[in-house]
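Working notes, structure below.
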Amino acid sequence: MIEQIKNIGHEVRIIDGEKDLVELWTKDTKPMDNVIFINIDEGERKVTKELRSFYKDVYKDALIYQQGNGHVGAGIKIEKYKDKDAAKIKEKKLASSLEFMEIDKSYLDEVWVNIIEEVQKDANQSYFIIITKNNKKPRELFTQKYEQKIKETYLISDTKLNKSLKQSKCHLCGQRKKTYDTAIYKCFTNDKEIYKNTDKYNFSICEDCLLDVLNGRNYINDILKISWIGSEVMFLPHEFNVYIKEIYEEIDNDKHITSLLAQIKEAEEEVLDEISKTNCMTDIIFFSDPKSSSEWKITYAIRDVMPSRMSIISRNISKYKKIDAYFCLAKIMNYLCYSDGKFDSKNKDRMRLLDIIFHGSKYSRELFFNKVMSKYKTKYFESLNNKKATNRKYIIKDIHEIYNFMCNCGCLENSWMMINEEGEIMKYNNISEFFETNKNFFDDDIKKAWFIMGQIYRDTINASKSYYKDKSGDNIESDNKGQSYESSHLEKNFFFSRKFDNKTFILFANTCSEKLQKYGTYYSNIKDKMNQAKEYMASSFKKINNDEAKYIFFWGLDTLFEDDKKRIEEAKSKKESVK
């Protein structure tokens, strides 16, 4: 990883030109509400203050760098000031700033009074204090001093008491030069996915490679890093040149360079398609860089993603976005990755799934249906108990999209035709046409049996509601099982508590037959369906996973063919004409 960052930084230096250590090392932290300039005029022995608005380069002008308890430069950050913090700010950070500016300590109390007078006007606001000397900013006076301080404090090991650089072999370029004891990221290994602090491992790089890594780090932070799917992520191309650089950069309306990756949340498919045009492999690195800690660690790495895979994923996201504007990789994560109460566990599941998708690896069919049907069960009962909840038909549609996407990406097998050549949802006239078109999925009669049973079950539920509506008139009447025309016990926990095997299939068949006879709606077309379903079940010697059987059953339950829709409309018309 460090070598990739170095290579990116090397090309950036060639293309964009050199930057000094102030530009490379100073962090652009969050904006503050106010900036207080404190000027010490040594000639007149006078301290003055000026309140200004925050501006982008103020941290660089102050030459400030903070890490842990370390403090370099002449800038101080104060947020939500409390009196208990006064001693620490004054005796450490302010004293350090005056020392850096080579200002006598005798000014300490007077400078602190000027600062605190301004801060206490509104302690809830945030302030950045910059110390100037004779109206000159730190950057105008002590740039070289800053660079030396950074090198001595952060780039040269504390074990070197005289802070002198040694001649040794650079771990990146292999040349024997004066080297620094750092990997910049505080963690590094080139051949393992375990990243350790380098302090004990004598990792060192020369100044030229150091500048490459710093340039690479800054470029990645600006262009190749994004917050995506619940994590900080960087995209690291294996090659880098002017052409690839232009792909990752966008020019906004104000002629500013912005990141292509910034669009990934709104236009995932477009971003991945552009990345595929780099014609090189890409590493997708998930990492943690908490503001409260100096620890930087990689949480997961998807390595060596081929440009062709980027293109395949992009094409299939576009395909399903035509019928679902909200379709994206995050939607797939929400169905297939759920937490056991620990957010880290959920994140790991997401990263592993993304790894499978980006490499086209096989995903467990049993696990897939277990995950999506758990989600379906939750949404199903929400829809029964809350009219504002998402209609379960939209949930089964989501599962159809995700299943076929995973098939199209090579992660599952046996897709079915959900979308036609025009990019619209496929419409089927009847069940015969449906089975014939999708015999790749319905490759065994047991699947057809469960689909038809779902259709019969839906007919039974509808007959139940109609029966109790006719009995009750305008009143909501319920029987001793709590059944009414607004709900049916057949919709509740009757099926979710069962294993979808041959025994349950027979139970469903007998229950539906009894109910339909009771309601006087066991019509010939439903009898034909029942006979067909039983024949399919009897002719199959294959077993399918319990959750896949559930999926097919509810798929049938929520599917209405075009011929069925016409028959329903004709029945409604006849009923209205009788009235």
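The values are calculated or read from the model by the stated rules, or taken from the named source; none is laboratory data. In this text, all values refer to a predicted model and were calculated from it rather than measured experimentally. In this analysis, Cβ positions are derived from the backbone assuming ideal geometry, glycine residues included, and neighbour counts consider all displayed protein chains. Heads up: the accessible areas ignore ligands, DNA and RNA and are worked out on the full protein's heavy atoms, side chains in. Shrake-Rupley method; radii C 1.70, N 1.55, O 1.52, S 1.80 Å.
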- request: Just give me the residues in the range 90-117 being open to solvent by less than 20 Å² (accessible area, probe 1.4 Å) and either at positive phi or not small (Gly, Ala, Ser) (or both), in sequence order.
  value: 94, 98, 100, 101, 103, 107, 111, 115
message: Out of everything in the range 65-115 that is aliphatic (A, V, I, L, M) and touching a Lys or Arg at 6+ places or on another chain (Cβ under 8 Å), what residue ends up being nearest to residue 136 (Cα to Cα)?
response: 101
query: Hey, any hits in the range 20-36 for a residue that's touching a residue at least 60 places away in the same chain (Cβ under 8 Å), charged (D, E, K, R), within 22 Å of residue 152 (Cα to Cα) and assigned to a loop (DSSP other than H, G, I, E, B)?
result: yes
- prompt: Quick one: is residue 447 surrounded by 14 or more Cβ atoms within 10 Å (Cβ to Cβ), of a type in the set (D, E, K, R) and either under 20 Å from residue 534 (Cβ atoms) or in contact with a helix residue (DSSP H, G or I) (Cβ under 9 Å, 6 or more places away or on another chain) (or both)?
  reply: yes
Residue check, residue 77 open to solvent by 60 Å² or more (accessible area, probe 1.4 Å), within 20 Å of residue 51 (Cβ to Cβ) and within 40 Å of the chain's Cα centre (by Cα): yes
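Per-residue answers, yes or no, for (1) aliphatic (A, V, I, L, M); (2) modelled with pLDDT of 90 or more; (3) open to solvent by less than 60 Å² (accessible area, probe 1.4 Å):
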position: 11; (1), (2), (3): no, yes, yes
position: 16; (1), (2), (3): no, yes, no
position: 22; (1), (2), (3): yes, no, yes
position: 27; (1), (2), (3): no, no, no
position: 31; (1), (2), (3): no, no, no
position: 35; (1), (2), (3): yes, yes, yes
position: 38; (1), (2), (3): yes, yes, yes
position: 49; (1), (2), (3): no, yes, no
position: 54; (1), (2), (3): no, yes, yes
Residue ID - nearest to the chain's Cα centre (by Cα), chosen from residues in the range 132-154 that are farther than 20 Å from residue 181 by Cα and of a type in the set (A, V, I, L, M, F, W, C): 142
query: Quick check, is residue 514 open to solvent by 20 Å² or more (accessible area, probe 1.4 Å), farther than 27 Å from residue 399 by Cα and modelled with pLDDT of 95 or more?
result: no
field: Residues of the range 525-550 that turn out to be small (Gly, Ala, Ser) and modelled with pLDDT under 90, as a count
entry: 1
message: It is to be established whether one or more residues within the range 541-550 are at negative phi, crowded, with 18+ Cβ neighbours inside 10 Å, under 44 Å from the mean Cα position of the chain (by Cα) and not in a helix (DSSP H, G or I).
response: yes
message: Given the options 61, 85, name the one that is modelled with pLDDT under 90 and assigned to a helix (DSSP H, G or I).
response: 85
task: Tell me, please, whether a residue that is open to solvent by less than 20 Å² (accessible area, probe 1.4 Å), β-branched (Val, Ile, Thr), farther than 23 Å from residue 25 by Cβ and outside any strand (DSSP E or B) can be found in the range 118-134.
output: yes
